[in-house]
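Input: a single structure, listed below in structure tokens.
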Amino acid sequence: MVTVRVPAKVNVQLGVGGVRPDGYHDLANVFFAVALGDEVTATPGDGVTLTCTGPDADAVPLDDSNLAARAARLLAAHHGLPDPGVHLHIAKAIPVAGGMAGGSADGAAALVACDTLWGLDTPLGTLLELAAELGSDVPFALLGGVALGRGRGEILEALPVTGTFHWVFAVADGGLSTPAVFRECDRLREESGSGATIQDVPTPDADPALLAALADGDPVALAAALSNDLQAAAVSLRPSLADTLHAGTEAGALAALVSGSGPTCAFLAKDADAAAHIAAALRASGTCRTAHATHGPVPGAQVVQTSA
Ligand code: C5P
């Protein structure tokens, strides 16, 4: 039996370029791994089977569309294993379809768990390539920490960061579809007359002020530099998110933004006490289903327990 712990992410910068001919968008995507995470346990099995527990377990698909199942099959195929033979149990804490890369996290965790269970010792570079085949956010869940993602988010460069930052995440009722939010971003750009293709929108770049704030461990400077080009699209599809963002700011957050494609909202706090206070205020505000105080950066998918 092998248990892997894997973090959720928040994008402290999500710069979205124009839509490419292949339908993806070039990104300047600064990923930040937070302690709010899932655990995936692999045990020997027949084929690939899945179970899931946690408050959102009913919303998690247990068929081959689940990235954890796809990861197990992809790793087995890569090594020419005729029968993958694994049962994967997901202990789910990351909001489902919430803009925190929970499905991607489970894919990354399954790669590491199966690699260990099957004794394959796959090099990290190969795992990162397999992860990129599974989805744009899966490689970062392997790496963790803080990293700049380019291309569609899968070309990663680890970034220097000092100390710990404190966050609160407000979980919404129901998810948002990532492709739908990207489409809404394109629609809003078309509507504003600026155009939405790579000819119209300059390729985004990492913000030097944001990189300096991370390297300096300065939450006030980071708060001033946070940005998410998908936020307007997420709020357009789910206008009530404006109330959630406002409630966290009223409760003393240094800054509020939509996490990735949403609908989870992220709040940066000055310290752990402030985060606990903001989380309690958000839970009482009636603008979200629940709220969690957490921190980061933390490492990527890691084996936390093995037993025979
Ligand atoms: O790579 P992944 O399967 O996670 O992406 C899900 C969807 O999000 C894509 O099909 C696409 O619609 C959108 N996307 C995008 N540009 C990116 C990443 C994702 O348009 N860089």
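Out of the range 10-33, which residues are more than 10 Å from the ligand (Cβ to nearest atom) and either open to solvent by less than 10 Å² (accessible area, probe 1.4 Å) or touching an Asp or Glu at 6+ places or on another chain (Cβ under 7 Å) (or both)? Break it down into steps so the answer makes sense when it comes.
First, the residues of the range 10-33 that are more than 10 Å from the ligand (Cβ to nearest atom): 10-13, 15, 18, 21, 28, 30-33.
Listed by number, the residues that qualify are VAL10, ASN11, VAL12, GLN13, GLY15, GLY18, ALA28, VAL30, PHE31, PHE32, ALA33.
Return the residue satisfying two criteria in turn: it lies in the range 192-216 and is small (Gly, Ala, Ser), open to solvent by 30 Å² or more (accessible area, probe 1.4 Å) and not in a helix (DSSP H, G or I), and of such residues it is nearest to ALA256 (Cα to Cα).
Of all residues in the range 192-216, those small (Gly, Ala, Ser) come to 192-196, 206, 209, 212-213, 215.
The next check asks that each one be open to solvent by 30 Å² or more (accessible area, probe 1.4 Å); those that pass are 192-194, 209, 212, 215.
Then drop every residue that is not not in a helix (DSSP H, G or I), which leaves 192-194.
Values: SER192: 25, GLY193: 28, SER194: 26 Å.
In this case the residue turns out to be SER192.
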TODO: Under 8 Å between Cβ atoms, at least 6 apart or on separate chains: pull out the pairs that start in the range 120-134 with a residue that is within 15 Å of ARG73 (Cα to Cα) and β-branched (Val, Ile, Thr) and end on any residue that is surrounded by fewer than 15 Cβ atoms within 10 Å (Cβ to Cβ) and at pLDDT below 95.
DONE: none
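Specify the residue that is least open to solvent (accessible area, probe 1.4 Å); the eligible residues are those in the range 112-129 that are touching a Pro at 6+ places or on another chain (Cβ under 9 Å) and closer than 22 Å to ILE155 by Cβ. Talk me through it step by step, then tell me what you get.
The initial filter retains those residues of the range 112-129 that are touching a Pro at 6+ places or on another chain (Cβ under 9 Å), namely 114, 117-118, 127-129.
Then drop every residue that is not closer than 22 Å to ILE155 by Cβ, which leaves 127-129.
Details: LEU127: 13, LEU128: 47, GLU129: 129 Å².
Per the criteria, the residue is LEU127.
In the range 239-258, which residues are of a type outside the set (Gly, Ala, Ser) and open to solvent by less than 50 Å² (accessible area, probe 1.4 Å)? It would help to see each step written out before you state the result.
The first filter runs over the range 239-258 and keeps only residues of a type outside the set (Gly, Ala, Ser), leaving 239, 241, 243-246, 249-250, 254, 257-258.
Selection gives LEU241, THR244, LEU245, LEU257, VAL258.
Quick one: in the range 217-238, which of the residues that are of a type in the set (A, V, I, L, M, F, W, C) and in a loop (DSSP other than H, G, I, E, B) is surrounded by the fewest Cβ atoms within 10 Å (Cβ to Cβ)? Walk me through it before giving the result.
Restricting attention to the range 217-238, the residues satisfying the condition of being of a type in the set (A, V, I, L, M, F, W, C) are 220-226, 230, 232-235, 237.
Still in the running and in a loop (DSSP other than H, G, I, E, B): 226, 230.
On the way: LEU226: 22, LEU230: 26.
Among them, the one singled out is LEU226.
Which one is surrounded by the fewest Cβ atoms within 10 Å (Cβ to Cβ) among residues in the range 149-158 that are of a type in the set (Gly, Ala, Ser) and within 11 Å of the ligand (Cβ to nearest atom)?
Within the range 149-158, the subset of a type in the set (Gly, Ala, Ser) is 149, 151, 153, 158.
Within this subset, residues satisfying the condition of being within 11 Å of the ligand (Cβ to nearest atom) are 149, 151, 153.
Working: GLY149: 25, GLY151: 15, GLY153: 28.
This residue is GLY151.
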- [ ] Mind listing just one residue for me: the one in the range 274-308 that is within 22 Å of PHE140 (Cα to Cα) and polar (S, T, N, Q) and, of those, least open to solvent (accessible area, probe 1.4 Å)?
- [x] THR294
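Only one of ALA101, ALA93 is open to solvent by less than 40 Å² (accessible area, probe 1.4 Å) and among the small types (Gly, Ala, Ser). Can you tell me which? Break it down into steps so the answer makes sense when it comes.
Details: ALA93 fails: open to solvent by less than 40 Å² (accessible area, probe 1.4 Å).
So the residue among ALA101, ALA93 that is open to solvent by less than 40 Å² (accessible area, probe 1.4 Å) and among the small types (Gly, Ala, Ser) is ALA101.
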Task: the range 18-41 residues that are under 19 Å from ALA291 (Cβ atoms), paired with ones that are of a type in the set (D, E, K, R) and not in a strand (DSSP E or B) (beta carbon under 8 Å, 6 or more apart) - done: ASP38/LYS92; ASP38/ASP106
Task: Residues of the range 240-284 satisfying the condition of being hydrophobic (A, V, I, L, M, F, W, C) and either under 17 Å from the mean Cα position of the chain (by Cα) or within 16 Å of the ligand (Cβ to nearest atom) (or both) - done: ALA256, LEU257, VAL258, CYS265, ALA266, PHE267, LEU268
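Of THR197, THR203, THR287, which residue is at negative phi and more than 16 Å from the ligand (Cβ to nearest atom)? Talk me through it step by step, then tell me what you get.
Working: THR197 fails: more than 16 Å from the ligand (Cβ to nearest atom); THR203 fails: more than 16 Å from the ligand (Cβ to nearest atom).
Among THR197, THR203, THR287, only THR287 is at negative phi and more than 16 Å from the ligand (Cβ to nearest atom).
With VAL138, VAL146, VAL161, VAL181 as the choices, which residue is open to solvent by less than 10 Å² (accessible area, probe 1.4 Å), away from the ligand (no atom under 16 Å from the Cβ) and among the β-branched types (Val, Ile, Thr)? Reasoning before the result, please.
Numbers: VAL138 fails: away from the ligand (no atom under 16 Å from the Cβ); VAL161 fails: open to solvent by less than 10 Å² (accessible area, probe 1.4 Å); VAL181 fails: away from the ligand (no atom under 16 Å from the Cβ).
Being open to solvent by less than 10 Å² (accessible area, probe 1.4 Å), away from the ligand (no atom under 16 Å from the Cβ) and among the β-branched types (Val, Ile, Thr) holds for just one of VAL138, VAL146, VAL161, VAL181, which is VAL146.
Return yes when THR51 is open to solvent by 40 Å² or more (accessible area, probe 1.4 Å), part of a strand (DSSP E or B), away from the ligand (no atom under 16 Å from the Cβ) and of a type outside the set (A, V, I, L, M, F, W, C) and no when it is not. Quick ask: steps written out before the conclusion?
Values: open to solvent by 40 Å² or more (accessible area, probe 1.4 Å): yes; part of a strand (DSSP E or B): yes; away from the ligand (no atom under 16 Å from the Cβ): yes; of a type outside the set (A, V, I, L, M, F, W, C): yes.
Spelling it out, THR51 is indeed open to solvent by 40 Å² or more (accessible area, probe 1.4 Å), part of a strand (DSSP E or B), away from the ligand (no atom under 16 Å from the Cβ) and of a type outside the set (A, V, I, L, M, F, W, C).
The values are calculated or read from the model by the stated rules, or taken from the named source; none is laboratory data. Fair warning: this is a prediction, and the values are worked out from it, not measured in the lab. Using ideal geometry, Cβ is built from the backbone for each residue, glycine included, and neighbour counts are taken over all protein chains shown. Just the protein is used for accessible areas: all its heavy atoms, side chains included, with ligands, DNA and RNA removed. Shrake-Rupley method; radii C 1.70, N 1.55, O 1.52, S 1.80 Å.
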